[in-house]
Amino acid sequence: MRSITLNSSVATRWRIAGHVPVSLGLATWLAVVPAAAQTTGPPVTAADYARAERFLGPTTAPLVLGAGVRATWLADGRFWYRTTAAQGPLTWLVDPRSGTKTPCDAATCAAASGLDNARSPDGRFTAFIRNWNLWVRDTASNAERALTTDGIPDFGYATDNAGWTQSDRPVLVWSPDSTRIATFQQDQRGVGDMHLVSTGVGHPALQSWKYPLPGDVVVTTIQPVIIDVARAAVLRVQLPPLQHRSSLCDDISCRGDEWSDAQWAADSRSLAILSTSRDHRHEELFVVDTSNGRVRRLLEERVDTFFESGNGRVSWRYLPASNEVIWFSERENWGHLYLYDARTGALKQRITNGDGNITQLLRVDERNRQLYFAAVGKEAGRDPYFRHFYRVGFDGKGAQLLTPADADHDIQLSPSGEWFVDVASTPTTPPIAELRGADGRLIAALEKGDLSRLVATGWKAPEPITVKARDGLTDLYGLLYVPTTLDRTKKYPIVNHIYPGPQTGSVGSRSFSAARGDAQALAELGFIVLELDGMGTPWRSKKFHEGYYGNMGDNTIADQVAGMKELATRMPWIDLERVGVYGHSGGGYATASAMLRYPDFFKVGIAEAGNHDNRNYEDDWAEKWQGLLKTNADGTTNYDNQANQLIAGNLKGRLLLAHGTMDTNVPPSSTLMLVDALIKANKDFDLLMLPNRGHGFGNEPYMVRRRWDYFVQYLLGTTPPREYQLGAARP
């Protein structure tokens, strides 16, 4: 850390005035200067950093052979994929019918790839947005024409703005016969604005966009429409404006260009729309007659906390040919599939049962009345986060596990449903890619991951661990990273790398990754690093996921503390007197919360891009997990329990706050509000503002290096190498 040196009287005057010393560098570094950390060990050298750097992705990923398989399916049923090999990347073209693969020029295979969702099923048209209206382009002639003409600013067709994310790609669903488009007018008129300004020579550039917040009276809504492509005629669906919500994610489109909760009938004569209430507690499934826009409500579900229609993908299906609906619900503590009558809305029967969640309904075979789905937690004795692939009859009979290996299975299903690519791996074992038929039979072995070159460098896998939650009963799962040079006779500080959810967890995917961020690299500098999925994160039971609903300030921190204490009883080389924590975005929020709520336990924290008070974050995400904002007669609110600035006075340890000044996801005012509270509480802290950076600066070399420096100096208690350059060429 570098700052301008001030004499004591000047420094005192600056603090009284509410200012802090300033220095200049690659990023703006502000520091309320605390007492210097005690140096208790030998300095960490540039050579130590260079060795740690070899554990990062740019170095480790190329050393894993036979990895990266991602099937791109072609119209004729074949697919191609790329993989890593000793001689460099290879591209293969696979014919599932013969079970053979042949080398393919990468450019040739890519040119033969399938079409994206903005293109009509028959391939004739591509839809796009121009001046708030929806247009189509003839793919043969490139002729363009407008389908709508009355779109205006903040009330445009097929536009997508969730506040935290915006896209120029149209959000729509083509009818199967390519004659019509289901979309909406997104109404942002009167919605509050967000503003950011760039940093540079001259006048700053102002960036403004609509960004609704919890408690706002006016938030974004949508008005569904059906557009006749040939006639450029707009039919308005006879529904009042719906909330700009998805039943799964915090945007109307969970996949970028597809209206997640709209499904056409196969004959294009009707359309199903699932509407989610503002607080995510009430779902209504409507069926639209696409000839006249008339609507009937088919079914609804109300919940006490939050509804989700799947775990990773929307898992309801509209099946008018058989007058049925496949419905996903967690009403019985696990995510299961149910069969409803599409005429009466009556439940016909439950399809799946038992412990474990259906994560994604991947295929509905109406002819043979079978469902194909991914699920977690259904295989006893296995990691409950491992995904497996199954099929079952509409009647719940004939359930079959199609991927028996004890691993996490990444399923890549062919459009026809005849075949699937199964990439099986774990956090400690490399991927094995196989082509299988719909019945699970092996057709061809594609790739077998090889770690020999990686292991030869001294790499080691993280250790999967299980500990008890705060209740002393519930199992929690995570990964532990230790130095490859671990000396069990010494004591090591432990660093908690946290992401609290509620939409995901600290560990993330259970598939193989050689680097998994910088966790192992950080461990190489002399730390134990823990990633633990606490209560309140998804993919376990509904009760587990609701662990801190309405109290986001919880952030699973009690579980992190309990887990580290348990690990220390098993591993005496863990030093609980030196505990650090870091995270990005929600993890940055949780980091500051940990430092403020458990100030005697966590000694050093690095909070990057944190949403420190969700009243200042986009409405959809916050209102789903915290509930609608309510103000009490005394001025307190139900959001006070999650606001970090309200407990800023609790800070005791070393806290580094970092934020990008052009972060359109979590605007920098979120961190600056906490800064203001810390100043008012007369607390020492460090602040790093990165000019013109967006939300994803956490993996930038400068931020990674500063993170390492901070833990080395204040948790390890020694001197880091001065201004080490990550990514620089070395002999």
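The values are calculated or read from the model by the stated rules, or taken from the named source; none is laboratory data. Keep in mind that this is a model prediction, so the values were computed, not measured. Using ideal geometry, Cβ is built from the backbone for each residue, glycine included, and neighbour counts are taken over all protein chains shown.
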Original post:
Does the stretch 595-626 hold any residues that are under 18 Å from Met673 (Cβ atoms), in a helix (DSSP H, G or I) and in contact with a helix residue (DSSP H, G or I) (Cβ under 9 Å, 6 or more places away or on another chain), and which are they?
Top reply: Met595, Leu596, Arg597, Asn614, Arg615, Asn616, Trp621, Ala622, Gln626
Original post:
In the stretch 578-590, how many residues are more than 20 Å from Met535 (Cα to Cα) and surrounded by fewer than 24 Cβ atoms within 10 Å (Cβ to Cβ)?
Top reply: 1
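Out of the residues in the stretch 427-468 that are part of a loop (DSSP other than H, G, I, E, B) and touching a Gly at 6+ places or on another chain (Cβ under 7 Å), which is surrounded by the most Cβ atoms within 10 Å (Cβ to Cβ)?
Here the answer is Pro431.
Just to verify a result, which residue in the stretch 270-298, among those that are among the small types (Gly, Ala, Ser) and over 32 Å from the mean Cα position of the chain (by Cα), is surrounded by the fewest Cβ atoms within 10 Å (Cβ to Cβ)? Step through it out loud before you land on a result.
Restricting attention to the stretch 270-298, the residues satisfying the condition of being among the small types (Gly, Ala, Ser) are 270, 272, 275, 277, 291, 293.
Subset that is over 32 Å from the mean Cα position of the chain (by Cα): 270, 291, 293.
Details: Ser270: 18, Ser291: 10, Gly293: 17.
Ranking the qualifying residues of the stretch 270-298, first place goes to Ser291.
Conditions (1) in contact with a Cys (Cβ under 7 Å, 6 or more places away or on another chain); (2) touching a residue at least 40 places away in the same chain (Cβ under 8 Å); (3) in a strand (DSSP E or B); (4) farther than 25 Å from Asn611 by Cβ, marked per residue:
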{"residue": "Val234", "(1), (2), (3), (4)": "no, yes, yes, yes"}
{"residue": "Gln238", "(1), (2), (3), (4)": "no, yes, no, yes"}
{"residue": "Arg245", "(1), (2), (3), (4)": "no, yes, no, no"}
{"residue": "Asp250", "(1), (2), (3), (4)": "no, yes, no, no"}
{"residue": "Ala272", "(1), (2), (3), (4)": "no, yes, yes, yes"}
{"residue": "Ser275", "(1), (2), (3), (4)": "no, no, yes, yes"}
{"residue": "Asp279", "(1), (2), (3), (4)": "no, yes, no, no"}
**OP:** Report those strands (runs of 3 or more DSSP E) wholly inside the stretch 92-189 carrying at least 3 residues which are farther than 23 Å from Val229 by Cα.
**Re:** 100-103
Subject >> the stretch 69-128 - residue that is charged (D, E, K, R) and farther than 30 Å from Thr183 by Cβ and, of those, surrounded by the fewest Cβ atoms within 10 Å (Cβ to Cβ) >> reply: Asp76
Subject >> Subset of the stretch 349-366 (residues that are assigned to a loop (DSSP other than H, G, I, E, B) and either more than 18 Å from Ser541 (Cβ to Cβ) or acidic (Asp, Glu) (or both)) >> reply: Ile351, Asp355, Glu366
Original post:
Filtering the stretch 514-573 down to residues that are outside any helix (DSSP H, G or I), in contact with a Pro (Cβ under 6 Å, 6 or more places away or on another chain) and not β-branched (Val, Ile, Thr), which residue is nearest to Thr718 (Cα to Cα)?
Top reply: Phe527
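For the stretch 81-91, which positions are under 27 Å from the mean Cα position of the chain (by Cα) and assigned to a strand (DSSP E or B)? Reasoning before the result, please.
Of all residues in the stretch 81-91, those under 27 Å from the mean Cα position of the chain (by Cα) come to 81-84.
Within the stretch 81-91, Tyr81, Arg82, Thr83 meet the criteria.
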**OP:** Report whether or not Lys448 is under 28 Å from Trp316 (Cα atoms) and either at pLDDT 95 or above or aromatic (Phe, Trp, Tyr) (or both).
**Re:** no
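Might you check whether a residue that is buried (at least 22 other Cβ atoms within 10 Å of the Cβ), touching a helix residue (DSSP H, G or I) at 6+ places or on another chain (Cβ under 9 Å) and part of a strand (DSSP E or B) occurs anywhere in the stretch 369-377?
To start, the set of residues in the stretch 369-377 that are buried (at least 22 other Cβ atoms within 10 Å of the Cβ) comprises 371, 373-377.
Going one step further and asking which of them are touching a helix residue (DSSP H, G or I) at 6+ places or on another chain (Cβ under 9 Å), we end up with none.
No; the residues of the stretch 369-377 include none that is buried (at least 22 other Cβ atoms within 10 Å of the Cβ), touching a helix residue (DSSP H, G or I) at 6+ places or on another chain (Cβ under 9 Å) and part of a strand (DSSP E or B).
When the stretch 137-162 is examined, which residues are found to be over 20 Å from Val237 (Cβ atoms) and surrounded by 14 or more Cβ atoms within 10 Å (Cβ to Cβ)?
Matches in the stretch 137-162: Arg137, Thr139, Ala146, Asp154, Asn161, Ala162.
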Original post:
If you check every pair at least six apart or on different chains, which have Cβ atoms under 6 Å apart with a residue in the stretch 189-214 that is on the phi > 0 side of the Ramachandran plot and surrounded by 13 or more Cβ atoms within 10 Å (Cβ to Cβ) first and a residue that is basic (Lys, Arg) and not in a strand (DSSP E or B) second?
Top reply: none
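Can you go through Gly472, Gly508, Gly501 and tell me which one is surrounded by 18 or more Cβ atoms within 10 Å (Cβ to Cβ) and of a type in the set (Gly, Ala, Ser)?
Values: Gly472 fails: surrounded by 18 or more Cβ atoms within 10 Å (Cβ to Cβ); Gly508 fails: surrounded by 18 or more Cβ atoms within 10 Å (Cβ to Cβ).
The unique qualifying residue is Gly501.
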Subject >> Residues of the stretch 660-704 that turn out to be aliphatic (A, V, I, L, M) and not in a helix (DSSP H, G or I), as a count >> reply: 7
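Residues of the stretch 307-348 being part of a loop (DSSP other than H, G, I, E, B), among the aromatic types (Phe, Trp, Tyr) and over 19 Å from Tyr385 (Cα atoms), which ones? If you could, list the steps in order and put the result at the bottom.
First pass over the stretch 307-348, keeping only residues part of a loop (DSSP other than H, G, I, E, B): 307-316, 323, 330-335, 342-346.
Those still in the list that are among the aromatic types (Phe, Trp, Tyr) too: 307, 316, 334.
Of everything in the stretch 307-348, those that are part of a loop (DSSP other than H, G, I, E, B), among the aromatic types (Phe, Trp, Tyr) and over 19 Å from Tyr385 (Cα atoms) turn out to be Phe307, Trp316.
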Subject >> Scan of the stretch 591-603 for residues that are surrounded by 24 or more Cβ atoms within 10 Å (Cβ to Cβ) and either among the hydrophobic types (A, V, I, L, M, F, W, C) or under 18 Å from Asp684 (Cβ atoms) (or both), ordered by number >> reply: Thr591, Ala592, Ala594, Met595, Leu596, Phe602
Original post:
Looking at the stretch 230-269, which of the residues that are basic (Lys, Arg) and touching an Asp or Glu at 6+ places or on another chain (Cβ under 9 Å) is surrounded by the fewest Cβ atoms within 10 Å (Cβ to Cβ)?
Top reply: Arg269
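State all residues of the stretch 654-677 that are more than 20 Å from Gln713 (Cβ to Cβ), among the aliphatic types (A, V, I, L, M), in contact (Cβ under 8 Å) with a residue 24 or more places away in the chain and touching a strand residue (DSSP E or B) at 6+ places or on another chain (Cβ under 9 Å); if no residue qualifies, say none.
Initially, the stretch 654-677 is screened for residues more than 20 Å from Gln713 (Cβ to Cβ), giving 659-677.
Subset that is among the aliphatic types (A, V, I, L, M): 662, 666, 672-675, 677.
When the remaining residues are screened for being in contact (Cβ under 8 Å) with a residue 24 or more places away in the chain, the result is 662, 666, 673-674, 677.
Within the stretch 654-677, Met662, Val666, Leu674 qualify.
Residues checked against (1) modelled with pLDDT of 95 or more; (2) aromatic (Phe, Trp, Tyr); (3) crowded, with 24+ Cβ neighbours inside 10 Å; (4) more than 23 Å from His409 (Cα to Cα):
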{"position": "Leu480", "(1), (2), (3), (4)": "yes, no, no, no"}
{"position": "Gln520", "(1), (2), (3), (4)": "yes, no, yes, yes"}
{"position": "His545", "(1), (2), (3), (4)": "yes, no, yes, no"}
{"position": "Tyr548", "(1), (2), (3), (4)": "yes, yes, yes, yes"}
{"position": "Asn551", "(1), (2), (3), (4)": "yes, no, no, yes"}
{"position": "Val561", "(1), (2), (3), (4)": "yes, no, no, yes"}
{"position": "Pro572", "(1), (2), (3), (4)": "yes, no, no, yes"}
{"position": "Leu576", "(1), (2), (3), (4)": "yes, no, no, yes"}
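Could you look through the stretch 516-568, keep only residues that are among the acidic types (Asp, Glu) and closer than 27 Å to Glu379 by Cβ, and pick out the one that is farthest from the chain's Cα centre (by Cα)? Lay out the reasoning, then the answer.
Going residue by residue through the stretch 516-568, those that are among the acidic types (Asp, Glu) are 518, 524, 531, 533, 546, 554, 559, 566.
Those left that are additionally closer than 27 Å to Glu379 by Cβ: 531, 533, 546, 559, 566.
Numbers: Glu531: 16, Asp533: 14, Glu546: 18, Asp559: 21, Glu566: 28 Å.
Ranking the qualifying residues of the stretch 516-568, first place goes to Glu566.
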Original post:
In the stretch 711-731, is there at least one residue being more than 23 Å from Gly517 (Cα to Cα) and of a type in the set (Ser, Thr, Tyr)?
Top reply: yes
**OP:** Output the number of the condition that Ser506 fails; it satisfies all remaining conditions of (1) more than 20 Å from Gly610 (Cα to Cα); (2) out of contact with any Ser or Thr (no Cβ under 6 Å at 6 or more places or on another chain).
**Re:** (1)
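Test Glu308 against the criterion of being touching a helix residue (DSSP H, G or I) at 6+ places or on another chain (Cβ under 9 Å) and among the acidic types (Asp, Glu), and give yes or no. Full working, then the answer.
Numbers: touching a helix residue (DSSP H, G or I) at 6+ places or on another chain (Cβ under 9 Å): yes; among the acidic types (Asp, Glu): yes.
For Glu308, the condition - touching a helix residue (DSSP H, G or I) at 6+ places or on another chain (Cβ under 9 Å) and among the acidic types (Asp, Glu) - is met.
Assess whether Val288 counts as being closer than 27 Å to Gly536 by Cβ, touching a residue at least 60 places away in the same chain (Cβ under 8 Å) and β-branched (Val, Ile, Thr).
Working: closer than 27 Å to Gly536 by Cβ: no; touching a residue at least 60 places away in the same chain (Cβ under 8 Å): yes; β-branched (Val, Ile, Thr): yes.
Against the criterion (closer than 27 Å to Gly536 by Cβ, touching a residue at least 60 places away in the same chain (Cβ under 8 Å) and β-branched (Val, Ile, Thr)), Val288 does not qualify.
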Original post:
What single numbered condition from (1) surrounded by fewer than 20 Cβ atoms within 10 Å (Cβ to Cβ); (2) in a loop (DSSP other than H, G, I, E, B) fails to hold for Ala61?
Top reply: (2)
